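In what follows, a structure is listed as structure tokens, so that the remarks can point back to it.
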Amino acid sequence: MTEKTVLNATHRALGARMVDFGGWDMPINYGSQIEEHHAVRQDAGMFDVSHMTVVDLHGERTREFLRHLLANNVDKLKAQGKALYSCMLDEQGGVIDDLIVYFFDDRHFRLVVNAATRAKDLAWIEQQAKAFGVEVKERPDFSMIAVQGPNARDKVIGLLHEVDRERIRKLGKFVAAAAQGPHGMPLFIARTGYTGEDGFEIIVPEEHAVALWEALLAAGVKPAGLGARDTLRLEAGMNLYGQDMDETVSPWEANLGWTISLDEGRDFIGRKVLEAQKAAGVKRVMVGLVLDEKGVLRHGQKVLTANGEGEILSGSFAPTLNKAVAFARIPAGEPGEVRVDIRGREVPVRVVKYPFVRDGKPCEGI
Amino acid sequence: MSEIPGDLKFLKSHEWARAEDNGNVRVGISDHAQGQLGDVVYVELPEIGASVQVGHGVATVESVKAASDIYTPVSGEIVEVNEALADSPETINEDAYGEGWLFVVKPSDRAELAELLDADAYAEQLENEDH
């Protein structure tokens, strides 16, 4: 049985092409996904991300629990509303999921995890939470709309109650706060995103989601589907769980080392294995690829390097660059002249540092 | 969805064929197919003069989402390809049955045309796919 967000009928009325995404019936585009991509890079677009799972954690020992559960250190979260990106690892150091954790107070944190991994995430979190007496409460009563692009914040702020506008305008990156939306609806507004543009991700009670979407539409925010979301996050150099990493991959091999906090004395799940891997030297690395000639890099294509074969993880045509880019996992060491096997044809590609695009512009060297 | 032109014949795999007055056959993909593929970003066309066999892949249409092999609905020789698609592949999305054509075949056996679906049969196939 496919699940539907509360915005399902709204998407269909807008002419969306719907696809199954991790068991959810979601819009892939409303016409041209390339136009939706450009709308986000140049103006403001919105995505229904209500399929993502919101989990509230309550209890005296919640912070202590998260120190144990997450590979990044929640002690970086000191101010109310601050958010942190982290991996949740298993005992072997494999990635169960990536998530964002928000800090309310020491007895209340909020996690936002992926939709496709919902069941295994909840099972794992509940299992680990028992020893800490932490209550794990899923919040299916929330919807979520991501509003992204250089004009996204202005358009959202224009819809807020006057008393909230200045405060939300000053919200720092990776910080969230409560505010009143249209008709006084209660919003949880986070300055986060998955596109490489500025903007907000807004958690809204399900019964107000359609009204918020309509208000954003009237304010000139363009609906964008999962197709544009995927090309935007790839250009922005952001990993997609299941494609770029999973339980069989260590964070070291997925360019997620920056999220691993090996601070002294903190015993988080997977730490011992990660330390051993680091000491032994990581065998594979994740790199960015750019294809300068015509063609499209895609998931699963073989990558040929001086040190052996690798493979493309996320790969796509990148609308901002008008050429194909990809993430690939290849053997560590100087890769030499790198080629990709595109349906039997060996095509030369450039190995680059990513992100490929930031704040609407191609990065240097792309 | 736009009307399916009545003068076209179709392969089940969504290629259309139009028999022209000079006896050649122009080939493209259906409006339904372009909608399924989404934004087309790259087209690989056959060489002029190439000999092609009915039902074989002779071109590739790549969208942001996927690469799709294009089969020729008739055997024969490629006599024309749509060079304009190199610069504006999105024409396939905008006008699948017109300016978005892919190639023209000089057929070696015109009887093959009779094997294809007519517009009504193709429309029926699409309807069944929807259910």
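Read-outs throughout are calculated quantities, based only on the coordinates presented, and are distinct from any laboratory measurement. Values in this document were obtained by computation on a predicted structure and should not be read as measured data. Cβ sites come from the backbone with ideal geometry, for glycine too, and all protein chains shown count toward neighbours.
Structure summary
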{"quantity": "Histogram of C-alpha separations across the protein assembly as shown, 10 Å bin width, %", "calculated": "4, 17, 25, 24, 17, 9, 4, 1, 0"}
{"quantity": "Within the stretch B:9-123: Cβ-based charge dipole about Cα centre, in debye rounded to nearest 20 (Lys, Arg +1; Asp, Glu -1)", "calculated": "340 debye"}
{"quantity": "Sequence-distant residues sharing a close amide H with A:VAL49 (under 5 Å, placed H)", "calculated": "A:MET144, A:ILE145, A:ALA146"}
{"quantity": "Charge dipole magnitude, Cβ of K and R +1, D and E -1 - the stretch A:1-116, Cα centre, debye nearest 20", "calculated": "300 debye"}
{"quantity": "Within straight-line cross-link reach of B:LYS9, lysines at Cα separation under 30 Å, skipping those fewer than 8 residues along the same chain", "calculated": "B:LYS65, B:LYS106"}
{"quantity": "Rg and Dmax of the stretch A:41-111, Cα atoms only, in Å", "calculated": "14.0, 45"}
{"quantity": "Loop GluC sites (Glu not before Pro), the stretch A:266-366 (other Cβ atoms within 10 Å of the site Cβ: 15 or fewer; DSSP)", "calculated": "A:GLU293, A:GLU337, A:GLU364"}
{"quantity": "Share of pairwise Cα separations in the stretch B:87-131, more than 13 Å, in percent", "calculated": "71 percent"}
{"quantity": "Exposure proxy ranking, count of Cβ atoms within 10 Å, fewest first, for B:GLU127, A:GLU126", "calculated": "B:GLU127, A:GLU126"}
{"quantity": "Euclidean distance between Cα centres, the stretch A:1-79 to the stretch B:37-67, Å", "calculated": "35 Å"}
{"quantity": "Gaussian network model of chain A, Cα within-10 Å springs - most flexible of A:LYS170, A:LYS78, A:LYS155", "calculated": "A:LYS170"}
{"quantity": "Restraint check, A:LYS222/A:LYS294; A:LYS4/B:LYS12; A:LYS130/A:LYS173; A:LYS4/A:LYS120; A:LYS272/A:LYS302, Cα-Cα greater than 25 Å", "calculated": "A:LYS222/A:LYS294; A:LYS4/B:LYS12; A:LYS130/A:LYS173; A:LYS272/A:LYS302"}
{"quantity": "Using θ = phi - 60° and Karplus 6.51 cos²θ - 1.76 cosθ + 1.60, couplings along the stretch A:108-117 (whole Hz; Gly, Pro as x)", "calculated": "8, 10, 10, 10, 10, 10, 6, 6, 5, 9"}
{"quantity": "Structure-based [θ]222 nm, chain B - -39500 (n - 2.57) summed over DSSP H runs of at least 4, per residue, nearest 500", "calculated": "-4500 deg cm²/dmol"}
{"quantity": "Likely footprinting exposure, A:ARG339, A:ARG169, A:ARG63, fewest C-beta neighbours within 10 Å first", "calculated": "A:ARG169, A:ARG339, A:ARG63"}
{"quantity": "Inter-probe distance in nm under a simple model that places probes 7 Å from Cα toward Cβ, at B:ALA86 and A:ASP90", "calculated": "5.0 nm"}
{"quantity": "Label-point separation in nm, B:GLU124 to B:ASP95, each point 7 Å along Cα→Cβ", "calculated": "3.2 nm"}
{"quantity": "Computed E for A:GLU166/A:ALA218 - FRET, C-beta separation, R0 30 angstrom, nearest 0.05", "calculated": "0.85"}
{"quantity": "Shape category assigned to the stretch A:15-68 from the gyration tensor of Cα positions, a/c cut at 1.5", "calculated": "prolate"}
{"quantity": "Cα gyration tensor shape for chain B, rounded if a/c is under 1.5, else prolate or oblate", "calculated": "oblate"}
{"quantity": "Order of A:ILE330, A:ILE168 under a 10 Å beta carbon neighbour criterion, fewest first", "calculated": "A:ILE168, A:ILE330"}
{"quantity": "Net dipole in debye of chain A [+1 Lys, Arg Cβ; -1 Asp, Glu Cβ; about Cα centre; nearest 20]", "calculated": "600 debye"}
{"quantity": "For the stretch A:332-338, 3J(HN,Hα) per residue [Karplus equation, 6.51 cos²θ - 1.76 cosθ + 1.60, θ = phi - 60°, Hz, x = Gly/Pro]", "calculated": "5, x, 4, x, x, 6, 9"}
{"quantity": "Sequence-distant residues sharing a close amide H with A:VAL338 (under 5 Å, placed H)", "calculated": "A:VAL349"}
{"quantity": "Interchain or long-range residues, amide H under 5 Å from A:TRP24's placed H", "calculated": "A:GLU3"}
{"quantity": "Rounded to whole Hz, the Karplus (6.51, -1.76, 1.60) HN-Hα couplings of the stretch A:23-31, x for glycine and proline", "calculated": "x, 10, 8, 10, x, 8, 7, 10, x"}
